[in-house]
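Peer 1: Quick one: structure below, then a few questions.
The values are calculated or read from the model by the stated rules, or taken from the named source; none is laboratory data. The shown structure was predicted, so the numbers you read here are calculated from the model rather than taken from an experiment. Counting neighbours? That spans all protein chains shown, and the Cβs are built from the backbone with ideal geometry, glycine included.
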Amino acid sequence: MSIDLPRAGPAALLAAALLAGCALPGRVAEPQGLGPTEAREAVLRVLPATLDDRASWAADVHAALAAQAIPSTPENLCAVLAVTEQESGYRADPTVPGLGRIARQEIERRADEAGVPQLALRGALALSSPDGRSYAERIEQAKTERQLSEAFEDFIGMVPLGRTFLASRNPVRTGGPMQVSIAFAEAQAKERPYPYPLKDSVRHEVFTRRGGLYFGAAHLLGYEAPYDRPLYRFADFNAGRWASRNAGFQNALAVASGLPVAPDGDLLPRAGSTAGETERAALSLAGRLGLGEAAIRRDLERGDGPGFEQTTLYERVFDYAEKLDRRALPRAVLPRIDLKSPKFTRRLTTEWFARRVDERHQRCLTRLGPGLSPRPSDG
């Protein structure tokens, strides 16, 4: 038996076509930057000739950008390579001279602060760890941050005393070829799915080549910043996102208020509700800016994210300062921060780091030459 279905009229056909069109996905985005083959070849031209597994390094650098929709332009590729060269010399898990001694001193310092007797500490460190060595041996023999991090993980997890003064926090805070913050990597993985199989933990991935490059590229390039030079991104990589923008604001604030304001990129104290130097200077201008205390605090709180440069406080401070000083003021300034770490044997600053990386970046672009022409943006 056959059933005759009524034929659809023109109006019905048009409606069906419109509904089908609504169901279709949007058009495919136009690719930007170099293609995969071009990008990998560009990286290979810059990587040291003596580097082991150069092809895998090139593949992972491009993948770190591609997986996060960051165009593989010569500028972006060279930015990742410049930071990697500065931080690790292209080693996924770089060795740190004297790391075991540094770690032991840090443990003893924390134990002393927690009121743990040194005798009790030595007894805990003498216990056998899962790999057969004592914790003291593993810590003293550690050559890389990954080895040290794993020793601390076992110590915290298996020795009650370790939790007492380490407070379940692994003191190894950075790692991998770009020495990216592990706390940043863990937060990033919650915001955006990690594109590789996660065998163990995000912390462990940071110490790999692919993971370290992926999270390092995200920290360096994966945010909007109002900069006209990559130099300021390099400073932000060291001091925190938007630190250079914030330091530029602090510089203008010092001009406007006449008060000393350290351009360190931190607009509010890390802890507590007491007003810091930046907020006190801004409050001194409240009447001249036409802003109340609550409005000033609200705008300063946006300093840890995008869009602070669009706030009323930011705009009015720059407007007042430039009229007062009769000149244009920079919107970004290298933060003045002394870098502190037991690993450092001499005085280093954020400005030193940023300029060193910027020099490497320029050399990388010079080596690539003018022959590379990325796809133009379709926007």
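Peer 1: Going by the structure shown, is ALA92 modelled with pLDDT under 90 and either buried (at least 18 other Cβ atoms within 10 Å of the Cβ) or outside any helix (DSSP H, G or I) (or both)?
Peer 2: The answer is no for ALA92.
Peer 1: Just checking: which of the helices (runs of 4 or more DSSP H) contained wholly in the stretch 134-188 hold 2 or more residues that are at pLDDT 85 or above and touching a Cys at 6+ places or on another chain (Cβ under 8 Å)?
Peer 2: Ranges flagged: none.
Peer 1: Name the residues in the stretch 245-293 that are among the aliphatic types (A, V, I, L, M), in a helix (DSSP H, G or I) and more than 25 Å from the chain's Cα centre (by Cα), would you?
Peer 2: Within the stretch 245-293, ALA252, LEU253, ALA254, VAL255, ALA256, ALA281, ALA282, LEU283, ALA286, LEU289 meet the criteria.
Peer 1: GLY26 passes all but one of (1) closer than 30 Å to GLU150 by Cβ; (2) not assigned by TED's automatic domain parsing to the domain that holds CYS364; which number fails?
Peer 2: Unmet condition: (1).
Peer 1: Separate question: Spot the failing condition for GLN105; the list is (1) surrounded by fewer than 22 Cβ atoms within 10 Å (Cβ to Cβ); (2) touching a helix residue (DSSP H, G or I) at 6+ places or on another chain (Cβ under 8 Å), and only one is missed.
Peer 2: (2)
Peer 1: Please specify each residue of the stretch 119-133 satisfying the condition of being under 18 Å from ARG101 (Cα atoms) and surrounded by 14 or more Cβ atoms within 10 Å (Cβ to Cβ).
Peer 2: LEU121, ALA124, LEU125, ARG133
Peer 1: When you go through VAL83, VAL116 one by one, which is the residue that is part of a loop (DSSP other than H, G, I, E, B) and β-branched (Val, Ile, Thr)?
Peer 2: Just one listed residue meets the conditions, VAL116.
Peer 1: Please list, ordered by first then second residue, the pairs with beta carbon atoms under 6 Å, 6 or more apart or interchain, first in the stretch 29-49 and of a type outside the set (Gly, Ala, Ser), second in a loop (DSSP other than H, G, I, E, B).
Peer 2: GLU30/ASP378; GLN32/PRO71; GLN32/SER377; LEU34/PRO374
Peer 1: Same structure, new question: Filter the stretch 304-314 for residues that are in contact with an Asp or Glu (Cβ under 8 Å, 6 or more places away or on another chain) and free of Cβ contacts under 8 Å to residues at least 24 places away in the same chain; which is surrounded by the most Cβ atoms within 10 Å (Cβ to Cβ)?
Peer 2: Within the stretch 304-314, the match that is surrounded by the most Cβ atoms within 10 Å (Cβ to Cβ) is THR311.
Peer 1: Name the single residue, out of those in the stretch 284-303 being surrounded by fewer than 20 Cβ atoms within 10 Å (Cβ to Cβ) and among the acidic types (Asp, Glu), that is farthest from ARG245 (Cα to Cα).
Peer 2: My answer is GLU293.
Peer 1: I want to confirm something. Restricting to the stretch 169-210 and keeping residues that are of a type in the set (Lys, Arg) and under 15 Å from the mean Cα position of the chain (by Cα), which single residue is nearest to GLN68 (Cα to Cα)?
Peer 2: Per the stated criteria, the residue is ARG192.
Peer 1: For PRO71, only one of the following conditions fails: (1) more than 21 Å from GLU205 (Cβ to Cβ); (2) touching a helix residue (DSSP H, G or I) at 6+ places or on another chain (Cβ under 6 Å); (3) surrounded by 17 or more Cβ atoms within 10 Å (Cβ to Cβ). What is its number?
Peer 2: (2)
Peer 1: Next question. Could you check how many residues of the stretch 189-227 are assigned to a loop (DSSP other than H, G, I, E, B) and not β-branched (Val, Ile, Thr)?
Peer 2: Counting residues in the stretch 189-227 that are assigned to a loop (DSSP other than H, G, I, E, B) and not β-branched (Val, Ile, Thr) gives 17.
Peer 1: Here is a follow-up. Name the residues in the stretch 315-337 that are without any contact (Cβ under 8 Å) to a residue 12 or more places away in the chain, basic (Lys, Arg) and assigned to a loop (DSSP other than H, G, I, E, B), would you?
Peer 2: Once the filter is applied, which keeps residues that are without any contact (Cβ under 8 Å) to a residue 12 or more places away in the chain, basic (Lys, Arg) and assigned to a loop (DSSP other than H, G, I, E, B), the stretch 315-337 yields ARG326, ARG327.
Peer 1: Counting just the residues of the stretch 30-39 that are touching a strand residue (DSSP E or B) at 6+ places or on another chain (Cβ under 9 Å) and part of a helix (DSSP H, G or I), which one comes out farthest from PRO370 (Cα to Cα)?
Peer 2: That would be PRO36.
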